[in-house]
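Here is the structure we will look at, set down as structure tokens.
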Amino acid sequence: MLYEKPPQVAEKIIKNLKREHYICDLPGGYLALDPLAEADHRMIAAVWVLLQFDQVDPLAHYPATYPAQIYFLKEETGYEIVVLQDGEQHLTHLLQADEHMKYIIVLPDIALAQGLALPAVPILFAVPRILDIHDEPEITFYSQEGVTL
């Protein structure tokens, strides 16, 4: 979350937070508030997708209702980010149609979008591609028609 800071400043902030025991290291290069916590890869993927939207107020995102990970507001429209793994396509049956709601479904491969049961609301698909665990993933967005946006 410190990506806008110069690397030296971000390192100093993290070092001081660790020294004061506000954060700790987790396996895989992650940081946490609780040393017994485990990295939530669904939430991590959802946050990377959220960061792709420039005009989202930093305080306008919230924990979402299952199966979604994050709910956020943009221009008076609600969005839910739903991260699905292979074999979890049935969870789209839990998504509700609402004229003020849009969904962003994060998939490991766009081919998994075939045959999903989707509500009659606008849906955007996101496919993150992680090149290096320490770098920002490349995220490709697709419309419901499967056209790269």
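Bear in mind these aren't lab numbers, they're just calculated from the coordinates by the rules spelled out. A quick note: this is a predicted structure, and the numbers were derived from the prediction, not measured.
A few comments on the model shown:
- For I105, the amide hydrogen comes within under 5 Å of the amide hydrogens of V82, L124, F125, A126, counting only partners 5 or more places away or on other chains and with H modelled in the peptide plane.
- Using the Karplus relation 6.51 cos²θ - 1.76 cosθ + 1.60 with θ = phi - 60°, the per-residue 3J(HN,Hα) values for the stretch 61-78 come to 9, 9, x, 9, 7, 3, x, 7, 9, 9, 10, 9, 10, 9, 6, 6, 10, x Hz, with x marking Gly and Pro.
- Whole-percent P(r), the stretch 40-143, all Cα pairs, 10 Å bins from 0: 15, 52, 30, 3.
- Straight-distance crosslink candidates among lysines, where the alpha carbon sits under 22 Å from K18 and sequence neighbours closer than 8 are dropped: K5
- Helix-only mean residue ellipticity at 222 nm for the chain, each DSSP H run of n ≥ 4 adding -39500 (n - 2.57), per residue, nearest 500: -4500 deg cm²/dmol
- Mean separation of Cα pairs under 8 Å and 6 or more residues apart, divided by the residue count, gives the chain a relative contact order of 14 percent.
- Stokes-Einstein D for the stretch 1-51, Kirkwood Rh over Cα pairs, 20 °C, 1.002 mPa s (µm²/s): 178
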